[in-house]
Amino acid sequence: SSTAIIIGAGHAGGELAIALRNEGWEGRILLLGEEAHLPYHRPPLSKAYLAGSVEKSSLSIRPQMAYDKANVEFIGSVRVSRIDRANQRLELADGSQLAYDKLAIATGGRPRPLSVPNAAVAERCANLHYLRTLDDVEQIRAQLAPGKRLAIVGGGYIGLEVAASAIAQGLQVTVLEALPRVLQRVTAAELSAYYERKHREAGVDIRTGVQVADLEVTGDTVTAVLCADGSRLAADLVVVGIGLLANTELAAEAGLQVDNGILVDEHAQTSDPHIYAAGDCTNHPNALLGRRLRLESVPNALEQSRVAAANMAGKAKTYASVPWFWSDQYELKLKMVGLAEGFERLVLRGDPATDSFSAFYLKGDKVLAADTVNRPQDFIAAKRLVAEGIAVTDAQLADDSRPLKELLP
Ligand code: FAD
């Protein structure tokens with residue numbers, strides 16, 4: 001019978017394997033992962049798990065039993081080093097080979113490394129951290145102690161979530177952001193200003209417009225972050241969160257089309273009909289936006305893995321979903337939907353001073369995107385406003401005395 005192999009046992013890979021069985025795939029299903037762990041949730045790594053408020057066991061997406069029941073063979077700590085498309089075979093780093101009939105690539109991404117003169121030396125220091133894996137966060141957790149000086153490079157979601165967790169544990173926290181404001185790539189200036197204020201009120205030293213020039217290394221320890229303006233930030237530990245590089249090398253070396261992610265169609269199929277791809281490593285067409293994009297989010301990993309699984313099993317399923325994302329910092333639950341690019345106006349609903357408000361990004365009478373803070377009801381309604389292109393007025397959105405769902409058909 002046929003063998004399906006999935007490369008990468010992250011959120012996309014693990015869910016793809018289970019979905020493939022549920023879709024009726026009768027042959028072997030092999031789930032190969034470079035990490036030792038069963039697929040786990042990464043979002044808590046910078047949130048509840050870093051803060052110490054959830055157990056490690058709660059991170060697993062499913063227990064071993066679930067893979068056994070679906071007859072999915074999970075093999076951890078193995079790295080696929082080559083895809084031989086002509087012979088439909090994989091080469092593993094240990095030299096062994098595996099034949100596939102259908103293949104799925106769900107290799108995710110790795111942290112973008114800091115590009116400074118001392119980067120290579122600093123990476124050998126135990127107190128310089130990136131945050132992508134459970135093993136990364138175990139090392140960070142072991143070094144979080146009250147009074148320690150933590151320098152965070154990057155004021156994106158991961159940097160800010162780490163800041164919130166660490167300040168709550170009594171560290172002295174500084175965030176260095178190169179752009180003029182935090183979260184600049186993903187939110188409006190109003191939201192950035194709000195989050196900068198919340199972090200400063202909590203005691204985090206937020207420094208924007210600061211370029212990191214180098215890391216000062218003394219012996220086998222990073223001792224400071226050196227900035228382009230000549231300032232020196234002494235630190236006991238450094239966490240770098242400056243973005244992700246998609247793991248596309250395997251696909252590119254195999255001659256698959258790659259352009260900021262492995263190119264897939266609306267069926268999650270690559271340029272080789274036997275090979276599918278899902279999750280952070282892909283670049284897919286989005287019907288709603290009318291263009292291709294690469295997303296780094298759990299909802300995307302989930303949806304794409306289901307689409308890939310259905311099509312691998314011979315069923316036609318099309319990817320059509322609105323991007324959404326969330327971030328937890330302090331008591332603030334931020335949920336975002338849509339993509340704001342090209343928006344003309346921002347409309348606020350509710351007062352940021354109450355820590356419960358939403359911001360809508362409009363073009364004409366359509367909502368392109370929304371950021372909601374501690375407003376689950378607004379989020380649910382906003383998802384439909386965006387997905388269905390429902391016409392609204394600024395006044396309707398801003399009127400906090402009436403529930404948003406009244407605007408839905
Ligand atoms: P990954 O989870 O990266 O899994 C890919 C797996 O493939 C890895 O385990 C890797 O080791 C393995 N692999 C790679 N190459 C090979 C190879 N050659 N051979 C074998 N195995 C290989 N998303 C949200 O929606 N909301 C959040 O709040 C949020 N917070 C986050 C916080 C943190 C700290 C991080 C790191 C991510 C967060 N994300 C969040 C993003 C989310 O976790 C990712 O979008 C999601 O994990 C993507 O899943 P994936 O399976 O595509 O990739």
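Remarks
- Test: residue in the range 193-206 that is touching a residue at least 24 places away in the same chain (Cβ under 8 Å), surrounded by fewer than 21 Cβ atoms within 10 Å (Cβ to Cβ) and within 27 Å of residue 338 (Cα to Cα): yes
Let's see how each residue does on (1) near the ligand (Cβ under 9 Å from one of its atoms); (2) out of contact with any Lys or Arg (no Cβ under 9 Å at 6 or more places or on another chain); (3) without any contact (Cβ under 8 Å) to a residue 24 or more places away in the chain:
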site: 25; (1), (2), (3): no, no, no
site: 60; (1), (2), (3): no, yes, yes
site: 65; (1), (2), (3): no, yes, yes
site: 80; (1), (2), (3): yes, yes, no
site: 85; (1), (2), (3): no, yes, no
site: 109; (1), (2), (3): yes, no, no
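- Any pair with Cβ under 6 angstrom, 6 or more apart, that starts in the range 37-52 at a residue that is in contact (Cβ under 8 Å) with a residue 40 or more places away in the chain and ends at one that is more than 8 Å from the ligand (Cβ to nearest atom) and among the polar types (S, T, N, Q): 40/60; 50/165; 51/165
- When the residues of the range 87-110 are filtered to those that are part of a loop (DSSP other than H, G, I, E, B) and under 23 Å from residue 1 (Cβ atoms), the one that is farthest from the chain's Cα centre (by Cα) is 87.
- Scope the range 205-220; condition more than 22 Å from residue 167 (Cα to Cα) and not in a loop (DSSP other than H, G, I, E, B); matching residues: 213, 214, 215, 216, 217, 218
- Flag for residue 1 being near the ligand (Cβ under 10 Å from one of its atoms), in a loop (DSSP other than H, G, I, E, B) and open to solvent by 60 Å² or more (accessible area, probe 1.4 Å): no
- Strands (runs of 3 or more DSSP E) contained entirely in the range 295-381, each with at least 1 residues that are under 26 Å from residue 53 (Cβ atoms) and within 13 Å of the ligand (Cβ to nearest atom): 324-329, 332-338
This table checks each residue for (1) hydrophobic (A, V, I, L, M, F, W, C); (2) open to solvent by less than 20 Å² (accessible area, probe 1.4 Å); (3) in contact with a Leu (Cβ under 6 Å, 6 or more places away or on another chain); (4) under 23 Å from residue 194 (Cα atoms).
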| residue | (1), (2), (3), (4) |
| --- | --- |
| 303 | no, no, no, no |
| 335 | no, no, no, yes |
| 354 | no, no, no, yes |
| 388 | no, no, no, no |
| 408 | yes, no, no, no |
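- Some residue of the range 41-51 being more than 8 Å from the ligand (Cβ to nearest atom) and polar (S, T, N, Q): no
- Summed over the range 167-192, the residues that are open to solvent by less than 60 Å² (accessible area, probe 1.4 Å), part of a helix (DSSP H, G or I) and touching a residue at least 40 places away in the same chain (Cβ under 8 Å) give a count of 1.
- Qualifying residues in the range 284-294 (those that are open to solvent by 50 Å² or more (accessible area, probe 1.4 Å) and at pLDDT 90 or above) - the one farthest from the ligand (Cβ to nearest atom): 291
- Beta carbons closer than 8 Å, at least 6 apart along the sequence or on distinct chains, pair a first residue in the range 260-279 that is in a strand (DSSP E or B) with a second that is within 16 Å of the ligand (Cβ to nearest atom) and open to solvent by 50 Å² or more (accessible area, probe 1.4 Å) for 275/85.
- Top-ranked residue in the range 27-39 [being surrounded by 23 or more Cβ atoms within 10 Å (Cβ to Cβ) and under 30 Å from residue 160 (Cβ atoms); ranked as farthest from the ligand (Cβ to nearest atom)]: 39
- Residue 96 meets the stated requirement of being more than 21 Å from residue 168 (Cα to Cα), more than 9 Å from the ligand (Cβ to nearest atom) and surrounded by fewer than 20 Cβ atoms within 10 Å (Cβ to Cβ).
The values are calculated or read from the model by the stated rules, or taken from the named source; none is laboratory data. Please read all numbers here as calculations on a predicted model, not as lab measurements. Note that we place each Cβ from the backbone using ideal geometry, even for glycine, and neighbour counts take in every protein chain shown. These area figures cover heavy atoms from the full protein model, side chains too; ligands, DNA and RNA do not enter into them. Shrake-Rupley method; radii C 1.70, N 1.55, O 1.52, S 1.80 Å.
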